[in-house]
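Asks: Have a look at this one.
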Amino acid sequence: MTQQQGWTSEQIPDQTGRVFVVTGANSGLGLATTRALARRGGHVILAVRDEYKGRRAVAEITAGQPDARLEARHLDLADLDSVRDFADRLHSDHPRLDVLVNNAGVMAPPRSLSPQGHESQFATNHLGHFALTGRLLDLLTAGADPRVVTVSSANHRKARLFFDDITGEHRYAPMGFYNQSKLANAVFGHELHRRLTASGSPVRSVLAHPGYAATNLQSDGPVALVRLLFGRVLSPLSQTPDQGALPQLYAATDPGTEGGAFIGPGGMGELRGAPTRVELSAGAADAATGRRLWELSEEATGVRFAFPTSV
C-alpha cells in the first residue's frame with residue numbers, strides 16, 4: 001500500500017449494517033474513531049471503563065448525528081472478569097461482529113497490579129485485548145470482511161519484552177513498561193495474523209499506530225515527568241485525535257488493506273501524515289517471540305483461541 005495523499009475519514013466507504021467494537025471509545029482516538037464510523041453508517045459499540053463517560057460520548061455524537069447507531073457498554077480491560085462478562089453479553093445480543101478495534105490504553109502510570117495480579121499497563125494494553133479478541137473470535141468469523149485492528153505505537157521499535165520480570169516486581173520503569181505493552185500489541189497482531197492465515201480464517205489482523213496525537217493518554221495517568229514531556233514539551237509536534245485516528249480507521253475500513261499490514265502516518269518520523277503502510281520491527285515479527293508471548297498470554301488469561309484448524 002502506498003501513502004494515500006490527503007486521505008480523510010470522509011473517504012471511508014459506506015459502513016451501513018456493519019458492527020464495530022471500539023475499546024476506549026469515550027475519548028481521544030477511540031472517540032474520534034467512533035464518530036467517524038458512525039458518520040459512515042456503522043453500528044458502533046463503545047467499550048468503556050466508565051459507563052457515564054460512555055453515555056456522555058454517545059450523547060455528544062448523536063447531538064450532531066441523530067441517526068447514529070451507538071451503544072455504550074462497560075469494559076475494564078485490566079480485569080479479565082470484566083472482559084469475560086463483556087464478551088458474554090455481546091454474544092447474547094449480537095450474532096456477528098465485523099470489526100474489533102483494540103484501541104484503549106494506559107500510559108506510564110506508577111506501578112500497580114490488575115485484579116488478577118498483572119502489571120497494569122501489560123494487563124490493560126495487551127492481556128485485556130488478547131482475551132477480548134479470543135472471546136469474540138467466533139463472532140468475528142461470522143462477520144462480513146471481518147478484521148481485528150490492534151493499535152500499537154512507533155515506540156514498539158525501542159522496546160523489549162521483560163519475560164524474566166513481566167510484572168515489574170524487581171525493576172519497574174513507567175515508560176519502559178509502556179513501551180513493552182506496545183511491543184506486545186505489535187507481536188500479538190502479527191502472530192494473530194500468522195495463526196489466522198494458517199487456519200484459513202476469513203478474519204484479518206491489522207496493526208495501526210497514530211503517530212503523535214494529543215489525547216488524555218499523555219495527561220491523565222502518567223507519572224509527572226512523562227506528563228510534562230508529552231503534555232507540554234512535545235505538544236507543538238502533536239496532531240489532533242481526528243488526525244491520529246486516521247491510520248486505525250484506514251486499517252478498519254479500506255477494502256485493500258491486507259492482513260498483517262502495519263498502518264501509520266506517512267510524514268516525517270511517522271509523527272503525523274496520511275495513512276500508509278509502515279515497517280514493523282524485526283523483533284515484533286520474530287516467530288519465536290510471537291509463540292512465547294502467545295503462550296504466556298494464554299496462561300495469564302486462561303483464553304484459548306478457537307481457530308478453524310490447528311496451527
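The values are calculated or read from the model by the stated rules, or taken from the named source; none is laboratory data. Note that the coordinates shown come from a computational prediction; the quantities given were computed from them, not determined experimentally. Note that each Cβ is placed from the backbone with ideal geometry, even for glycine, and that neighbours are counted across all protein chains shown.
Asks: Does SER27 satisfy the criteria of being free of Cβ contacts under 8 Å to residues at least 12 places away in the same chain, touching a Lys or Arg at 6+ places or on another chain (Cβ under 9 Å) and within 20 Å of HIS126 (Cα to Cα)? Give the steps one after another, and end with the answer.
Replies: Details: free of Cβ contacts under 8 Å to residues at least 12 places away in the same chain: no; touching a Lys or Arg at 6+ places or on another chain (Cβ under 9 Å): yes; within 20 Å of HIS126 (Cα to Cα): yes.
Considered against the rule, which asks whether it is free of Cβ contacts under 8 Å to residues at least 12 places away in the same chain, touching a Lys or Arg at 6+ places or on another chain (Cβ under 9 Å) and within 20 Å of HIS126 (Cα to Cα), SER27 comes out as no.
Asks: Among the residues in segment 88-96, are any more than 23 Å from GLU51 (Cβ to Cβ), surrounded by fewer than 22 Cβ atoms within 10 Å (Cβ to Cβ) and touching a residue at least 12 places away in the same chain (Cβ under 8 Å)? Working first, answer last.
Replies: Our first condition is that a residue be more than 23 Å from GLU51 (Cβ to Cβ); within segment 88-96, this holds for 95-96.
Next, only the ones that are surrounded by fewer than 22 Cβ atoms within 10 Å (Cβ to Cβ) stay: 95-96.
In the following step, the residues that additionally are touching a residue at least 12 places away in the same chain (Cβ under 8 Å) were identified as 95-96.
Yes: one or more hits.
Asks: So is ARG35 surrounded by fewer than 20 Cβ atoms within 10 Å (Cβ to Cβ), assigned to a helix (DSSP H, G or I) and modelled with pLDDT of 95 or more or not? So that I can check it myself, show each step before the final result.
Replies: Details: surrounded by fewer than 20 Cβ atoms within 10 Å (Cβ to Cβ): no; assigned to a helix (DSSP H, G or I): yes; modelled with pLDDT of 95 or more: yes.
So ARG35 fails the test.
Asks: Need the failing condition index for ASP14 against (1) in contact with a Lys or Arg (Cβ under 7 Å, 6 or more places away or on another chain); (2) without any contact (Cβ under 8 Å) to a residue 40 or more places away in the chain; (3) of a type in the set (D, E, K, R); (4) not in a loop (DSSP other than H, G, I, E, B), just the number.
Replies: So ASP14 meets the others, but not (4).
Asks: Now for a different question. Return yes or no: is LEU228 more than 16 Å from ASN125 (Cβ to Cβ), assigned to a helix (DSSP H, G or I), among the aliphatic types (A, V, I, L, M) and modelled with pLDDT under 65? If you could, list the steps in order and put the result at the bottom.
Replies: Details: more than 16 Å from ASN125 (Cβ to Cβ): yes; assigned to a helix (DSSP H, G or I): yes; among the aliphatic types (A, V, I, L, M): yes; modelled with pLDDT under 65: yes.
Yes, satisfied.
Asks: Just one of (1) assigned to a loop (DSSP other than H, G, I, E, B); (2) at pLDDT 95 or above trips up TRP294, so point out which.
Replies: (1)
Asks: Moving on. Quick one: is ASP165 closer than 24 Å to ASP286 by Cα, of a type in the set (Asp, Glu), touching a Lys or Arg at 6+ places or on another chain (Cβ under 9 Å) and in a loop (DSSP other than H, G, I, E, B)? Break it down into steps so the answer makes sense when it comes.
Replies: Details: closer than 24 Å to ASP286 by Cα: yes; of a type in the set (Asp, Glu): yes; touching a Lys or Arg at 6+ places or on another chain (Cβ under 9 Å): yes; in a loop (DSSP other than H, G, I, E, B): yes.
The answer is yes for ASP165.
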